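Step one of this worksheet: look at the structure below.
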Amino acid sequence: MASVSIVLLTRERPEVLAQALDSVAKQTHLEVELVLVRDGGQPLSDAAVERIEALEFPTQRIEHDGPAEGIALSRNRGVEAARADAVAFLDDDDLWEPRHVGRLAAALDRDTKLDVIYTDAWILHAESGQRRTLARDFDFKVFGRDGFIPPSAMLARRDAFGRFGLFDPQLTYSEDWDWLLRVARGQGIIERLPGASVTVRIHAGGASSLHPDRLPERRRCLEILAKRHRLSPIQPKTFWEVAEALCPDGNVSTP
């Protein structure tokens, strides 16, 4: 079965990082390694280092000191360090179910033509505690309007980054959406694996939140995205709004 490098991004969020590392530790897939990338900020806590060193599989730590370099460069550092057949991404504020990586790796094994496979996702609105499910088969026309594949839900073959390039550091937001559009436009194959196995948390401190201070930069990135891929103008949304737009029927629950 395909081996998997887990690229976990973090910066100064020790509480959620601990939860993310716990969900990594619970993965049932046997052939994994962890590549943790810290993008500036304070060094990892002793507790985080202990958690990483206690994992029962190989690990790498890539720690950048100084000002943050951005999500795209951090993801690229993780991809370049990855040694496995495929790369899974996990942001530190997201969580995986124990079989998440194994399900995706098995799907890659079943279809050797796939470049990217992704699961459905639960989108958790942290303030209200409400949850929506984001579940959509890949459709380029729809995907050009609403990016509905959270990075923490996808697994990509490592050689796909050689064919379609790495993430674009020019984009401080939506670098994952841009990359997937490049894969699709380059005749890469992207498919959905039905069934949710990742929780994506939407909160005020998240990189994708619609905080007024971040909106101008988000709009700049979306303008680049639309021009680059010949798309209609794109409105800023989080995955919460995307799930509301694409999967509206009876799609809100409160734990």
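I need the full set of residues from the range 65-107 which are in contact with a Lys or Arg (Cβ under 7 Å, 6 or more places away or on another chain), among the acidic types (Asp, Glu) and under 22 Å from ILE202 (Cα atoms), in order please. Hits for the range 65-107 are ASP92, ASP93, ASP94.
One residue is enough: does the range 112-119 have a residue meeting the conditions part of a helix (DSSP H, G or I), basic (Lys, Arg) and in contact (Cβ under 8 Å) with a residue 24 or more places away in the chain? Within the range 112-119 (the criterion being part of a helix (DSSP H, G or I), basic (Lys, Arg) and in contact (Cβ under 8 Å) with a residue 24 or more places away in the chain), the answer is no, since none of the residues qualifies.
When the residues of the range 1-36 are filtered to those that are touching a Gly at 6+ places or on another chain (Cβ under 8 Å) and β-branched (Val, Ile, Thr), the one that is nearest to ARG99 (Cα to Cα) is THR28. Where strands (runs of 3 or more DSSP E) fall entirely within the range 14-100, those with at least 2 residues that are surrounded by fewer than 19 Cβ atoms within 10 Å (Cβ to Cβ) and modelled with pLDDT of 95 or more are at 59-64. For the range 155-169, a tally of residues being surrounded by fewer than 16 Cβ atoms within 10 Å (Cβ to Cβ) and within 18 Å of SER3 (Cα to Cα) returns 2. Taking (1) surrounded by 16 or more Cβ atoms within 10 Å (Cβ to Cβ); (2) in a strand (DSSP E or B) in turn, GLU191 satisfies each apart from (1). Sub-8 Å Cβ pairs linking a first residue in the range 44-64 that is acidic (Asp, Glu) to a second residue that is surrounded by fewer than 16 Cβ atoms within 10 Å (Cβ to Cβ) and not in a loop (DSSP other than H, G, I, E, B), at least 6 apart or interchain, are GLU56/ALA25, ordered by first then second residue.
Among the candidates THR172, THR199, the residue that is more than 18 Å from ALA2 (Cβ to Cβ), among the polar types (S, T, N, Q), in contact (Cβ under 8 Å) with a residue 24 or more places away in the chain and touching a Phe, Trp or Tyr at 6+ places or on another chain (Cβ under 8 Å) is uniquely THR199.
The values are calculated or read from the model by the stated rules, or taken from the named source; none is laboratory data. What you see is a predicted model; the values in this text were computed from it and never measured. Please note: Cβ atoms are built from the backbone with ideal geometry, for glycine as well, and neighbour counts cover all protein chains shown.
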